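The values are calculated or read from the model by the stated rules, or taken from the named source; none is laboratory data. A quick note: this is a predicted structure, and the numbers were derived from the prediction, not measured. Quick reminder, even Gly has a Cβ in these numbers, built from the backbone with ideal geometry, and neighbours come from all protein chains shown.
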Amino acid sequence: MKIDDLQLQSELEKNKAFADFYNKNESDFQALQKMRYEDSMKEVELIEGTRRLQTSLFTFKKELHDADKKQKEETAKQEKLGKRKKKATFSKRLAQ
């Protein structure tokens, strides 16, 4: 917006016909500038919202991955304990 203001000021100083046109329609130009400013603010909000959603999605996926990894580790641990118990039971039977 500041660049637009500087460009507008420069054009007003250089171009007499444009300056006259601007002065006759100043309220319309100001309304247009306000609309552009509001649009840019909405775009900033959209970008920030998108960034928050992406962060939330990444966090959710990481939690799912970690939970899946933990479940697989628990399953592997249980299977390993189950095999040890079977070996111990088998060894006891052989010893008898």
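In this entry, LEU57 passes the filter for residues that are at pLDDT 95 or above, out of contact with any helix residue (DSSP H, G or I) (no Cβ under 6 Å at 6 or more places or on another chain) and over 30 Å from LEU8 (Cβ atoms). Looking only at the range 14-33, residues that are assigned to a helix (DSSP H, G or I) and surrounded by 11 or more Cβ atoms within 10 Å (Cβ to Cβ) come to 9 in all.
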